[in-house]
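Asks: Can you keep this structure in mind? I'll have questions shortly.
Any read-out appearing in this document is the output of simple, stated calculations on the displayed coordinates, not a laboratory observation. Note that the structure is predicted; figures quoted are calculated from it, not measured. Virtual Cβ from ideal backbone geometry, glycine too; neighbours counted across all protein chains shown.
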Amino acid sequence: MSEAGVTIEQEIAQLEKQLQEKKANLEQQPEQKESPPDKEILREVVGEKIQQNAPAYIPKPAPQTQTDDTGSIPAELKDKIQELVNLVFQNSLDQGIKQAIKSDNPALIDAFHDVLVDQLYDALLERKKLESVK
């Protein structure tokens with residue numbers, strides 16, 4: 001298995017690097033007046049990672065108001081999404097994404113994307129790699 005040697009710590013470090021690169025690229029664009037929030041950039045990075053495994057997947061824009069990770073997720077998907085997120089944090093991001101794609105359920109993949117971004121964002125905040133948006 002190719003990702004056997006990769007830990008979630010290494011993957012989070014890779015996401016940090018991709019996030020910083022994307023921010024730097026956005027800041028260099030002259031038409032860009034204000035850089036989007038870090039969480040939105042992280043959402044794009046994770047969405048791109050999902051698209052690598054499922055080219056047909058088109059991430060939906062982030063919900064404008066989020067009260068918690070699972071507020072708008074149908075009850076029947078919550079357990080499955082949590083299993084997938086746990087798989088990401090226990091094994092690897094690629095394994096979690098591949099399992100989500102195997103479901104062939106666009107609603108599950110979208111909800112997984114939303115919850116995963118929230119939890120990765122929280123992990124980056126804990127590591128003090130990002131500043132909280134007020």
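Asks: Could you work out how far the C-alpha centroid of the stretch 84-119 sits from that of the stretch 6-24, in angstrom?
Replies: Going from one Cα centre to the other spans 17 Å.
Asks: Expected output is a single nm value to one decimal: the length gained when fully extending between residue 122 and residue 27, i.e. 0.36 nm times separation in residues minus the C-alpha distance. What is it?
Replies: Taking residue 122 through residue 27 to full extension adds about 31.9 nm, to one decimal.
Asks: In addition: Mind checking which aspartates and glutamates have their Cα closer than 14 Å to the Cα of residue 17? Skip sequence neighbours fewer than 8 apart in that chain.
Replies: 9, 38, 44
Asks: Which aspartates and glutamates have a Cα less than 20 Å from the Cα of residue 102, not counting those fewer than 8 places away in the same chain?
Replies: Correct list for residue 102: 3, 48, 76, 79, 83, 94, 110, 114.
Asks: How far apart, in nm, are two points set 7 Å out from the Cα along the Cα-to-Cβ line at residue 10 and at residue 83?
Replies: Using points 7 Å along Cα→Cβ, the separation is 2.7 nm.
Asks: How do 58, 101 line up, fewest other C-beta atoms within 10 Å first?
Replies: With the fewest neighbours first, 58, 101 line up as 58, 101.
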